[in-house]
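Visitor: Structure provided below as structure tokens; questions to follow.
The values are calculated or read from the model by the stated rules, or taken from the named source; none is laboratory data. Computed from a prediction, not measured in an experiment: that's the story for all the values here. As a convention, Cβ positions derive from the backbone with ideal geometry for all residues, glycine included, and neighbour counts pool all protein chains shown.
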Amino acid sequence: MDYGVAEHLFKTYYPKPCEIICYHCQQSAEKAIKAIIIEYGTQGGLPKLHDLSFLLNQIKNIMIMQIL
């Protein structure tokens, strides 16, 4: 839903509400990344933070553990 809202705001409004669009894009990315973390499982549960770099690193670590 967040991506759809961002897309709607981008296509509909002028001037573009950039801060709101960026917020919804970040939320969309965060939810997608957390869905992958949930799908592949974690030992300590889902991290309660919003740092996309950290979350992506968690996916990398999960994938490495899957290979080993």
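Visitor: When residue 47 is evaluated against the numbered criteria (1) modelled with pLDDT of 90 or more; (2) assigned to a loop (DSSP other than H, G, I, E, B), which criterion, by number, is the only one it fails?
Guide: (1) is the only condition that residue 47 fails.
Visitor: Taking region 19-37, which residues are surrounded by 11 or more Cβ atoms within 10 Å (Cβ to Cβ) and more than 9 Å from the chain's Cα centre (by Cα)?
Guide: 20, 21, 22, 23, 24, 36, 37
Visitor: I've got another one for you. Being exposed (fewer than 14 other Cβ atoms within 10 Å of the Cβ) and under 27 Å from residue 7 (Cβ atoms) is the filter here; which residues of region 38-55 pass it?
Guide: 38, 39, 46, 49, 50, 51, 52, 53, 54
Visitor: Just one of 27, 66, 58 is assigned to a helix (DSSP H, G or I), modelled with pLDDT of 90 or more, polar (S, T, N, Q) and at negative phi; which is it?
Guide: That would be 27, the only listed residue that is assigned to a helix (DSSP H, G or I), modelled with pLDDT of 90 or more, polar (S, T, N, Q) and at negative phi.
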